[in-house]
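Let me begin by presenting the structure, written as structure tokens, before commenting on it.
The values are calculated or read from the model by the stated rules, or taken from the named source; none is laboratory data. Worth saying up front: this structure is predicted, and the values here are computed from it rather than measured. Methodologically, a virtual Cβ is constructed for each residue, glycine included, from the backbone with ideal geometry; neighbour enumeration extends over all protein chains shown.
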Amino acid sequence: MRVTRLAALALASLVGVSALSACSSSNSGSGSDKNVTLTYWASNQGTSLDNDKQVLGPELAKFTQQTGIKVKLQVVPWADLLNNILTATTSGKGPDVLNIGNTWSASLQATGAFVPFDDSVMAKIGGKSRFLGGSLSATGAADKPPTAVPIYSLAYGLYYNKKYFAEAGISQPPTTWAEFETDAKKVTNAQHWGLSIEGGSVSENVHNVFTLSQQQGGAFFDAAGKPTFDTPQNVAAVRQYLDFIQQDKITNPSNAEYAQGTEALADFAKGKSAMVLWQAASGSLKQLGMNAADIGVAPMPLPDPMPAGGKKVTSMVAGINLAVFKNTKHMDAALQFVKFMTSTPEQKVLNKTYGSMPSVTDAYADPAFNTPAVQTFKKILSASAAPLPAVAAESQFETLIGTAVKNMLADAASGKNVSESDISAQLKAAQQQLS
């Protein structure tokens, strides 16, 4: 419950402290760049925190060589990132530059603690036109300057082990949930499970449940921004996710404890599961030792027939953004760093390594981003992905719903049958906490 309590306390304080954070002193880069050290909080994009340090270290050294600006790197686990950001927002003590989940953009924008990337700021990092429109759209409220710029573009897909599918006589990935259930049971045996999930991860839970809700015709907020957690469609979405463990028995119950943001993917890469629903991660799978010839990727399945009001959504609009705290004492240096990290050469290096997609258009000239896997994710992102609600309470919504699902998965893993009425009660309680 640490995540829920801390996030709720921090969010409750945001409005009261946003003016203070926004008015913190800022230095427009006075002094020599050689005397500047930026602090950078990076999110965990690789196979481990150490892996991220190995990936980013040489690139940060390259930036220092080019500019004279030093960078102190801290890689933050996803389980801690939002809490750390909220604490820094309320205290005014944080890094100069940081990664944020793009779904948090509107919530963090509402604090007033981050640099707005208006036209003048955009010009300093190379201009707005460099970025993919879809990725840039997930950077804050539509009627305000972005609170960040995209660095990694992502979407969810269904990764499957081609070797295991062939051994089970399955010729192609499932396109419907009925086919998925049949296939998952075929490939579940004494050696490996059908599907691995990151059941202890608040963010992974809410991302998957959001997509399933869209397919059911549901929503977690109405058009006016009012929460609508406890609806039949949302209950059905959560039930489908829990049933991977409790009814279908295609997921190892121990997956309910996976919370690092890397464990389910590692199980898939090591052959302990035949499928995983994951953001673009081909690079990480190869680093984990998986045979590239065994890696298949397809869109998440859809219901057949579609429920009334259901949408053909197979992913949320995923991605990582790069933000700058307003109270940095090194504004010019921070913007130089943002320009460097979103430059075409760096976008090629970083996204090749992580298996994600560049956020700038020029990087796609590289043949590395014309693979079948990248093309599949590009199509998902452009044709069947939906953004999470761009409301000020979005990050609190993620914490509340993701934590509720985590707790229900733990119950299911322990052998308790979590009924629809149980799910409804949990969603209702989460909505009351938000209200």
Exercise for the section: Evaluate the following for residue 230: is it closer than 25 Å to residue 179 by Cβ and not β-branched (Val, Ile, Thr)? Expected result: no
Problem - Residue that is surrounded by the fewest Cβ atoms within 10 Å (Cβ to Cβ) [pool: residues in region 185-201 that are touching a helix residue (DSSP H, G or I) at 6+ places or on another chain (Cβ under 8 Å) and aliphatic (A, V, I, L, M)] - result: 187
Problem - Residues of region 129-144 classified as surrounded by fewer than 17 Cβ atoms within 10 Å (Cβ to Cβ) and not hydroxyl-bearing (Ser, Thr, Tyr), total - result: 5
Practice task
Looking only at region 386-425, count how many residues are farther than 13 Å from residue 207 by Cα and in contact with a Gly (Cβ under 6 Å, 6 or more places away or on another chain).
Solution key: 2
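Being under 25 Å from residue 390 (Cα atoms) and either buried (at least 19 other Cβ atoms within 10 Å of the Cβ) or outside the structural domain of residue 394 (by TED's automatic domain parsing) (or both) is true for just one of 315, 273, 282, 343. Which residue is that?
After applying the criteria, what remains is 315.
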Fill in the blank from the handout: Output for Cβ contacts, cut-off 8 Å, separation at least six or different chains, first residue closer than 14 Å to residue 427 by Cα in region 228-250, second of a type in the set (Lys, Arg), reads 229/428; 230/428
Practice task
Within region 382-396, track down each residue that is hydrophobic (A, V, I, L, M, F, W, C) and either under 17 Å from the mean Cα position of the chain (by Cα) or crowded, with 18+ Cβ neighbours inside 10 Å (or both).
Solution key: 385, 386, 388, 390, 391, 392, 393
Exercise for the section: Look at region 241-273 and say how many of its residues are farther than 12 Å from residue 199 by Cβ, β-branched (Val, Ile, Thr) and touching a Leu at 6+ places or on another chain (Cβ under 8 Å). Expected result: 1
Problem - Filtered residues of region 323-339 (kept if of a type in the set (A, V, I, L, M, F, W, C) and over 23 Å from the mean Cα position of the chain (by Cα)) - result: 331, 333, 334, 335
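Looking for something in a loop (DSSP other than H, G, I, E, B) and surrounded by 20 or more Cβ atoms within 10 Å (Cβ to Cβ) - is there at least one such residue anywhere in region 416-429?
Yes, there is a match, as at least one residue in region 416-429 is in a loop (DSSP other than H, G, I, E, B) and surrounded by 20 or more Cβ atoms within 10 Å (Cβ to Cβ).
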Handout entry: Single unsatisfied condition, residue 103 versus (1) at pLDDT 95 or above; (2) β-branched (Val, Ile, Thr); (3) touching an Asp or Glu at 6+ places or on another chain (Cβ under 9 Å)
Key = (1)
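Of 54, 74, 66, which residue is under 19 Å from residue 335 (Cα atoms) and assigned to a helix (DSSP H, G or I)?
66
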Fill in the blank from the handout: Here the residues within region 83-128 that are surrounded by fewer than 21 Cβ atoms within 10 Å (Cβ to Cβ) and of a type in the set (Ser, Thr, Tyr) are 87, 91, 120
Exercise for the section: Would you tally the residues in region 351-368 being touching a strand residue (DSSP E or B) at 6+ places or on another chain (Cβ under 7 Å) and either among the aromatic types (Phe, Trp, Tyr) or not in a strand (DSSP E or B) (or both)? Expected result: 5
Handout entry: Among (1) outside the structural domain of residue 171 (by TED's automatic domain parsing); (2) crowded, with 19+ Cβ neighbours inside 10 Å, the one test that residue 329 misses
Key = (2)
